[in-house]
Every structure is written in C-alpha cells, then in structure tokens.
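What follows is a single structure, written as structure tokens, with notes after it.
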Amino acid sequence: MFSESTIDRSYIFAEINMNESISIIGAGIGGLTTALALKQSGYNATVYESAPQIKPVGAGIVMAGNAMQIYRKLGMQGKIEKAGNKISYLKMTDEKLQILSSIPLAGFEEKYGVSNIAIHRADLQTILAEEVGYENIQLGKRLTNIQNGENIQLTFEDRSVKNTKIVIGADGIHSIVRRQLFKPSVIRDTKQICWRGVLHTNLAEKYPHEAFEAWGRGKRFGFVRISAQTIYWFAVVNEGMETHMSLVELFQKFHPDICEMIAGTPNDQIYQNRLLDLKPFSQWHQNNICLLGDAAHATTPNLGQGACQAIEDAYVLGKLFKSGKTVNEIFAEYEKRRIKKAHFIVNTSWMMGKIPHIENATGVWFRNLLMKMIPDFVSKKQIQKVFDLESK
C-alpha cells in the first residue's frame, strides 16, 4: 500500500502531461471509454489488455440513457446508434410473453436527447478501440504484479515491465490491481447460473424496438434485437436447476419463440457463467492509483448498468483531469462523486435479482399480480434515477 511519504505530489502533478504517464489496465468498455475521455481532455494513456486481440466475441449489451448521454458528449452517439438498434420499450412479461409491465422510453428520449441502444458488445468495443487508436492499446499484456516506488512498476505475464506514473485499474471483478493494492474485498455469488447467446434469425423482425424479460418459476429469459437480423438473449436459472436438463428443456414451458431462440443458437455463440457482484466497499483510490468499473463496483446485470456505470466513471475522470488538481485529489473527488450512485446500482440490482427467481407457484402468482399493479410513474421514477448524471 502507498503512504503519503512515498509519493512526491508535486512530481506527479508536474509529470502528468508526459506521454504514456497514464496506464489503464483492461481494454473493456470502461477502460476504452476512460482512454477516450482522457484523450479528449488532452492526456495520453496506454491501455494494457490481457487478450491477444480485440475480436468479435461476446454477447449483446444495452447502452442505457445515462451511457448514451456521455457518448453524445464524447462525440460517439452517431457511430453507436448506427451500429446498434434503438430500444423504445422495456417489457416485463410472464413466461408466455404476456405483459406484466411495459414502460415506453419516448419521454426519456425527449428529456435526455438520446435513445437506449442495444448493440453487440464486440461492435461497441471495436468502435471505441478505433477512436482511442490501436497504437495506444497493447494486447497480450496480462498484468501479474505491481511494485510501488517513485514510479509504479507493472510486470506482465510475458515478463515485460512498464514503469508508469498513474494506474487506472479497469480490469474487472477479479481485478489484479484491487487484489494487490487494496484491502480484501468480497465477491458475492447470487447462486444463479446465466447463459448468453447471439442468434441470427428472422425472429428479430418480430421484436424490432423492444427489450423483453420473461419471468417464470426460478428462471427468466431476456432478449433484444441488436441489429436487423440479430437477437441477443440471456437465460438465468437458480443454481441446481441446470444439473438435470438441457437449456432447451429448462425453458420448454416458455413461449415458443423463446424456445426457438435457444435451440437455434450455435453452441459457440452461447456463453455460461455465474452471476456475481462485488460487495460495496468505500476505498477506490490509493494516491496515484484508482479503480474503475467492475474493479470498483461490479454489479449483477439486473438493471443493465454494469458497463453504463463504468462509462459514467470514465467521463467523470476525464473531466476531473482538466481541473488542475493533483492526481490524488482527482481520484479522491472521482470517488466522492461516483460512489453513492454506483453503490445504489449494486444494491438495487442485487435486490431486483431475487424477484424473478421465486420458485413457489403461489409466490409467482402474487409477484405477477403486483407487477401489473405497479403504477407507471413508480417505474419511470426509478429509471430517471438511473439515467440522471451526477456531473453534467
């Protein structure tokens, strides 16, 4: 851990404009957006990514109104909209796609001046990488060790070493930066198993501008069109359900379109993982090192805000780097501005993840009834809380 005595604050401030003085660990959406925000604020950053190449793998993602507001400010709105698909309604349904709640997003589009965009994660990553510049991204650089001193020494799996002034850890829920330099954190397991898939299908024409989430007994299925002929879907079940059945069998009582989506997706386009999050903690920075995105506040996907909150982090950092403050002051202010909302998202998402996974038949009936009774303004108020930016 760093102490104030190990850091010459004036030296950091004087050297902050040096080329490659800022190192970002992780070329995910949060890391690349941070590099872009810093670039537009006049700072050069190098992004280190463990993967050997940025290639079209992964599933879909929805860039909600808060994220799209930031991309508009960064001049990226048009490119992202062109590569993705506008979402005009959020629909919660039962397993037969009978509506429990339908929220139109037109009012939010008018208020914030942006749409919610569903897009393939790889397409978004490519757009960001091109804007950052591949010359600023070093691939095949898996971080293994950080050594502090007058400079921070980064050691990678390929045995290469890099000295840097500033480190931004955007390396995910299992962050090496967090594990080596910060107090122990707690990764929480939801006891839910998730599959994600991408499917090229004519069914996409049937659901043009709607994001669906269908709730059953102890399981749910969501889907959204991400391009003219492509659907991104996810399936989540309570732990234990997956041991005796195939995925198609698990969802055989759901709407036939849902069964068709699962059955029609090639195995190499389906990704399975457990749903985890990071128990909220209060320290995201250590002098000239800070955590960002999932490394600081990993959340379950129930609000669709994991990447969106990393994007908010990135934008706040980009603005603060123009403030004339020292790096330590910038990171302290960033944490102060972002921590309340990020923790609200983590905690709300954790709670919301329990509701669709009730297994008792009576509980499911009562849950569905309540969903139909919730006034629209209650749901819209919650959405507005998510879409509002702390720093505009």
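Quick notes
- Of the strands (runs of 3 or more DSSP E) entirely within the range 32-87, those holding at least 1 residues that are under 18 Å from A170 (Cβ atoms) and out of contact with any Phe, Trp or Tyr (no Cβ under 8 Å at 6 or more places or on another chain) occupy 45-48.
- Checking the range 380-392 against the condition returns a match, with at least one residue being touching a residue at least 60 places away in the same chain (Cβ under 8 Å) and within 22 Å of T190 (Cβ to Cβ).
- Count - residues of the range 135-150 that are in contact (Cβ under 8 Å) with a residue 12 or more places away in the chain and part of a helix (DSSP H, G or I): 1
- Among the conditions (1) touching a strand residue (DSSP E or B) at 6+ places or on another chain (Cβ under 7 Å); (2) open to solvent by 10 Å² or more (accessible area, probe 1.4 Å); (3) modelled with pLDDT under 95, the only one that L90 does not satisfy is (3).
- Residue among D171, D189 that alone is charged (D, E, K, R) and farther than 25 Å from Y43 by Cβ: D189
- Of the helices (runs of 4 or more DSSP H) lying entirely inside the range 233-352, those containing at least 2 residues that are more than 27 Å from A211 (Cβ to Cβ) span 306-320, 327-352.
- Residues that are under 21 Å from Q192 (Cβ atoms), over 21 Å from the mean Cα position of the chain (by Cα), surrounded by 12 or more Cβ atoms within 10 Å (Cβ to Cβ) and of a type in the set (D, E, K, R) do occur in the range 360-383.
- Applying the condition of being among the β-branched types (V, I, T) and open to solvent by less than 50 Å² (accessible area, probe 1.4 Å) to the range 248-270 and asking which residue is nearest to A122 (Cα to Cα) yields I270.
- Residue check for R196: closer than 15 Å to G26 by Cα and open to solvent by 30 Å² or more (accessible area, probe 1.4 Å): no
- M245 vs. criteria of a type in the set (A, V, I, L, M), modelled with pLDDT under 95, open to solvent by 50 Å² or more (accessible area, probe 1.4 Å) and more than 18 Å from the chain's Cα centre (by Cα): yes
- Test: L203 is surrounded by 14 or more Cβ atoms within 10 Å (Cβ to Cβ), on the phi < 0 side of the Ramachandran plot, without any contact (Cβ under 8 Å) to a residue 60 or more places away in the chain and not in a loop (DSSP other than H, G, I, E, B): yes
- Residue-level analysis places R72 among those that are open to solvent by 10 Å² or more (accessible area, probe 1.4 Å) and over 30 Å from M371 (Cβ atoms).
The values are calculated or read from the model by the stated rules, or taken from the named source; none is laboratory data. Predicted, not measured: the structure shown is a model, and the values here were computed from it. Here the Cβ is made from the backbone with ideal geometry for all residues, glycine too, and neighbour counts use every protein chain on show. Quick note on the areas: whole protein, heavy atoms, side chains included, nothing else; ligands and nucleic acids left out. Shrake-Rupley method; radii C 1.70, N 1.55, O 1.52, S 1.80 Å.
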